[in-house]
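Bear in mind that the values in this text are calculations on the coordinates, not laboratory data. Computed from a prediction, not measured in an experiment: that's the story for all the values here. When we count neighbours, we look across all protein chains shown, and the Cβ atoms used for this are built from the backbone with ideal geometry, even at glycine.
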Amino acid sequence: MKTSQYFQYILEFKRPSGTSRGVLNTKETYILEVFENGKKGIGECGIFRGLSYDDVPEYEEKLKWLCENINLDEEILKEELKHFPSIWLGYEQAILNLKNGENLYFPSEFTDGKASIKINGLIWMGNVDFMQEQIQEKLDLGFDCIKLKIGVNWASEKEVLRQLREKFPAEKLEIRVDANGAFSFEEAKIVLQELADLEVHSIEQPIKKSEVRNPKSEDSLMARLCAETPTPIALDEELIGIVDFDEKKQLLETIKPQYIILKPSLVGGFSGCDEWISLAENLGIGWWITSALESNIGLNAIAQYTFTKKNPMPQGLGTGSLFTNNFEGNLLLKGDQMWFQ
């Protein structure tokens, strides 16, 4: 018989981190522990306030429910937690860890220390000097793919991109940008052309998540952008809250994005990502996986899962270095390669 418990943990940023949604100083998360036959499995329920589909008042109540019903059949738990993707991911992690032992979720060449994962360098929003300082740091470390958060002051952000492209041609440096839905439809059309002129690889979520879910609708602004865009578009927030397989299929068939971004904490855990990946690949849509400000516990599990998917593109995995009070980690960065130690 399994037993289970959880506790809340508040991660504190080393320096306030800017996004188009505002500045983050702390990040709340929950750690789930499952015990059986003297062994412990640990997982992270990485809720993201203001963004997660499961950011609801009864979140903790549902966590308590899971701990009380941890011995129920997995399919029953999955159905019950369908609308709580970060709790389901924490459960998936804890059960995998219980089975595989200390720090292991998906044993592979990665966890044997024989192979690594290529990641992009994330540049946080701020004034031009701060952004340029971060970019230089990543370039010095050997990154050849960087991702910039944009959408607070496009004029100055565009200037940073222009200067960057002047120094580093597209074949030397891949630039991705993430707008977090900052632009209106009309603004986005202009920005997409300006990004194409700068040979930017892709833009995540140029406009806010569409409210249109009818696959026959002509009203999806995102679908219209994806059909005409000169810069590839990656859906991110758009995927949040879409829990049924048929709805996922309808969404991708309607919008036809060039890429999708998979954050396991936000889109139904590892099993949810597996569904999105199979649908995307059937439709010829590219994808990559990113973390969502998890602690080193969740980051470790997500990195191990990511390696098993064998996607050669740079992945959007954090390095656990943003927080002053993170748990001890097993991930090590050498240049732009993430290793497990």
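Counting helices only, and only those DSSP H runs with n ≥ 4, report the 222 nm mean residue ellipticity of the chain as the sum of -39,500 (n - 2.57) divided by its residues, in deg cm²/dmol to the nearest 500.
When only DSSP H runs of four or more count, the value is -11000 deg cm²/dmol.
So how many Å³ per residue does the convex hull of the Cα atoms of the range 3-100 work out to?
Looking at the range 3-100, the number lands at 108 Å³ per residue.
Given a cut-off of under 8 Å on Cα pairs at least six residues apart, what relative contact order in percent is computed for the range 69-139?
12 percent
Based on the Cβ-Cβ distance from MET313 to ALA196, what FRET efficiency comes out when R0 is 25 Å, to the nearest 0.05?
Result of the calculation: an efficiency of 0.80.
Rounded to the nearest 5, what % of DSSP beta bridges with both residues in the chain are antiparallel?
That works out to approximately 55 percent antiparallel.
Using Cα pairs under 8 angstrom and six or more residues apart, how large is the relative contact order of the chain, in percent?
In percent, rounded to a whole number, it is 20.
Between the range 79-120 and the range 21-69, how many Å separate their Cα centres?
For the range 79-120 versus the range 21-69, the Cα centre distance is 15 Å.
Which three numbers, in whole Å and largest first, are the semi-axes of the equivalent ellipsoid of the chain derived from its Cα gyration tensor as √(5λ)?
After scaling each eigenvalue by five and taking roots: 32, 24, 18 Å.
Within the P(r) computed for the range 169-258, what percentage of the Cα pairs occupies the region above 15 Å?
57 percent
Which three extents, in whole angstrom, do the alpha-carbon atoms of the range 60-204 cover along their principal axes, largest first?
58, 42, 24
Figure the gain on full extension for PHE168 and ARG15 (residue separation times 0.36 nm, minus the Cα-Cα span) and round it to one decimal in nm.
Working it through step by step, the gained length comes to 52.3 nm.
Rounded to the nearest 0.05, what FRET efficiency is calculated for ASP274 and VAL23 with R0 set to 30 Å and r the Cβ-Cβ distance?
For R0 = 30 Å, the calculated efficiency reads 0.30.
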